[in-house]
Amino acid sequence: MCILPSAAPAVAPIPAASTCPAKLLEPEERQDLAVQALGGTGTITALAAQAGVSRKFVYHQVDVAQQALAEAFAAPAADDAAVLFQLPVTKKWLRQNVLSLVLNCRSSYRGVLNHFHDCLGRDIALGTIHNILQDAVPRARAVNTQSALAAIQFGLLDEIFQAQQPVLVGVDAAST
C-alpha cells in the first residue's frame with residue numbers, strides 16, 4: 001500500500017500591507033490619535049474604532065507619544081564639550097606640570113613629551129624637562145634639611161631608584 005501526501009490545504013492570501021488601516025495613517029494622524037488618547041478625548045476603544053485600527057495600535061501610539069514627551073521635558077544631559085573652567089597657563093604652571101607628571105605620576109621624560117603634545121598641543125624639549133627637574137633638586141634639598149627628624153621614634157626605610165641611582169627613603173611610622 002502506498003500513502004501519498006494529500007494536497008496542501010488552500011491558504012487564504014495575506015492582504016497587502018497597503019490595505020491595513022494602521023499603515024495608511026500619516027504621521028500627523030498618528031500624532032493626533034495619540035494626543036486624543038492622552039488627552040482623554042475618548043476611550044481607547046472609541047478612538048480605535050473611529051480610526052479603523054486596533055486598540056493595541058492606539059496603545060502603541062500612546063507609548064510613542066509618552067516617550068517623546070519624556071525626552072522633550074527631561075533634564076538636559078551634561079554636555080561633555082562644555083567648558084568647565086578656564087586655566088591660566090603660565091611658564092610656572094608648565095614647570096609644575098612637568099614636576100607633577102614625573103614625581104606624582106612617575107612619568108618618563110618621553111611620557112611628559114607625549115602629554116604636552118597630546119593634551120596641551122605644545123612641544124617641549126627633553127633638555128627642558130631635564131633642566132626643570134634639575135632646578136627643583138636644590139630647592140627640595142633645602143626643604144629636606146629643614147625637616148626635624150629627631151621626633152621620629154620608629155622609621156620605615158626602603159630603597160628606590162631615581163635616575164638609575166639607589167636612594168634610601170624613609171617614613172615616620174607614626175605619621176602614616
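The values are calculated or read from the model by the stated rules, or taken from the named source; none is laboratory data. What you see is a predicted model; the values in this text were computed from it and never measured. For neighbour counting, all protein chains shown are included, and Cβ atoms are generated from backbone atoms with ideal geometry for every residue, glycine included.
Structure above, values below:
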| read-out | value |
| --- | --- |
| Filter result (under 23 Å from P21 (Cα atoms) and either among the aromatic types (F, W, Y) or touching a residue at least 24 places away in the same chain (Cβ under 8 Å) (or both)) within segment 62-81 | V62, V64, A65, Q66 |
| Hits in segment 166-176 (condition: more than 39 Å from the chain's Cα centre (by Cα) and surrounded by fewer than 10 Cβ atoms within 10 Å (Cβ to Cβ)) | P166, L168 |
| Test: Y59 is surrounded by 10 or more Cβ atoms within 10 Å (Cβ to Cβ), aromatic (F, W, Y), over 30 Å from E26 (Cα atoms) and touching a residue at least 12 places away in the same chain (Cβ under 8 Å) | no |
| Identity of the residue in segment 68-89, over 22 Å from the mean Cα position of the chain (by Cα) and in a loop (DSSP other than H, G, I, E, B), that ends up nearest to V35 (Cα to Cα) | L87 |
| Scan of segment 150-165 for residues that are more than 26 Å from V102 (Cα to Cα) and surrounded by fewer than 10 Cβ atoms within 10 Å (Cβ to Cβ), ordered by number | A150, A151, Q153, F154 |
| Some residue of segment 72-83 being at negative phi and surrounded by 10 or more Cβ atoms within 10 Å (Cβ to Cβ) | no |
| V171 of a type outside the set (F, W, Y), touching a residue at least 12 places away in the same chain (Cβ under 8 Å) and either more than 30 Å from L38 (Cα to Cα) or out of contact with any Ser or Thr (no Cβ under 9 Å at 6 or more places or on another chain) (or both) | yes |
| Index of the failed condition, P138 passing every other in (1) within 27 Å of the chain's Cα centre (by Cα); (2) of a type outside the set (V, I, T); (3) at pLDDT 90 or above | (1) |
